[in-house]
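Trainee: Quick one: this structure, given as structure tokens, is what I'll be asking you about.
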Amino acid sequence: VDKSTWTGTVSVFAGDVNHAAGFANGTGLAARFNGPTSLVFDPVSDSIYVADQENDAVRKISRTGVVTTPFGSPGMGSRLQAAGAPNCSLEGFNHRMYCFGEVASFSHVNVSAAEAAAGIKPDVYVPMTVRVDSLGNIVLLDLGYHSIREINPTTGETKLLFGTQAEFSNKRVWVWMDVDRWG
């Protein structure tokens, strides 16, 4: 098969066509992302979830291109530093605040049903991979919290599935996971 004759059309569904980084909810080209590392289609909610790493957020894109942010927001490292987390410093080419060592006790990693009902949402810090299980729960691999968590997208209730003892570092790493949606 001669692949040189194949043609196709690529278009931007959400975000800036010129790849300008930022953080903005909105429809289609009005939305902005900063370092999306993973995405997954969720047939339960008929939407796409995006791990927006540099924005410390899980983003949601509807079939009509409306981008919202159900969990997280930019600047988690600075909020951790302000809360007293140890070993926080500006790192990398973008001078982002990273906190090293134990940081989970300074934020909302696990969110109980009662806390979720009171409006508390889980914090997100350097999300790497987002997946969805067969019930529509978000499964998030979060480098900043050294964890894999399950988040109920409707309630915000969050539980830790796995937490590592490894410390986050300023070195870029490639981490991936998948979810057996039907097992």
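Trainee: Take Leu29, Leu135 and sort them by solvent-accessible surface of the protein heavy atoms, 1.4 Å probe, largest at the top. If you can, show how the numbers build up before the last one.
Mentor: Numbers: Leu29 95, Leu135 135 Å².
Ranking Leu29, Leu135 by accessible area, largest first, yields Leu135, Leu29.
Trainee: Taking only Cα atoms and a 10 Å spring cutoff, compute GNM fluctuations for the chain and point out the largest among Arg32, Arg96, Arg59.
Mentor: Arg96
Trainee: Okay, next question. Report the accessible area of Leu161, computed with a 1.4 Å probe over the heavy atoms of all protein chains in place, in Å² rounded to the nearest 10.
Mentor: 90 Å²
Trainee: Using a Debye calculation, one point per C-alpha and no hydration shell, please list log10 I(q)/I(0) for the range 74-147 at q = 0.12, 0.20, 0.24, 0.27 Å⁻¹ in order.
Mentor: So the normalised log intensities are -0.37, -0.92, -1.16, -1.29.
Trainee: When ligands, DNA and RNA are left out and all protein chains stay put, how many square angstrom of accessible area per residue does the chain have with a 1.4 Å probe?
Mentor: Details: 9870 Å² over 183 residues.
I get 54 Å² per residue for the chain.
Trainee: What do you reckon, how do His95, His108 stack up by accessible area (1.4 Å probe), largest on top? Could you put the intermediate results ahead of the total?
Mentor: Working: His95 125, His108 75 Å².
The ranking, largest first, comes out as His95, His108.
Trainee: What does the helix-only formula give at 222 nm for the chain: each DSSP H stretch with n ≥ 4 adding -39500 (n - 2.57), the total divided by the residues, and the result rounded to the nearest 500 deg cm²/dmol?
Mentor: Numbers: 2 runs with 12 residues, N = 183.
The helix-only estimate for the chain comes to -1500 deg cm²/dmol at 222 nm.
Trainee: If you take mean projected area of the Cα convex hull in nm² from the coordinates, which of (i) 13.1; (ii) 11.0; (iii) 17.1 do you get?
Mentor: Answer label, from the structure shown: (i).
Trainee: Determine the gain in length on full extension of the stretch Lys3-Ser105; use 0.36 nm per residue of separation and subtract their C-alpha separation, reporting nm with one decimal.
Mentor: Values: separation 102, 0.36 × 102 = 36.72 nm, distance 5.31 nm.
That works out to 31.4 nm of additional length.
Trainee: If you look for lysine pairs in the chain that are eight or more places apart or on different chains, how many of them have Cα atoms under 30 Å apart?
Mentor: 6
The values are calculated or read from the model by the stated rules, or taken from the named source; none is laboratory data. What you are looking at is a predicted structure, and each value in this text was computed from that prediction instead of being measured. Heads up: the accessible areas ignore ligands, DNA and RNA and are worked out on the full protein's heavy atoms, side chains in. Shrake-Rupley method; radii C 1.70, N 1.55, O 1.52, S 1.80 Å.
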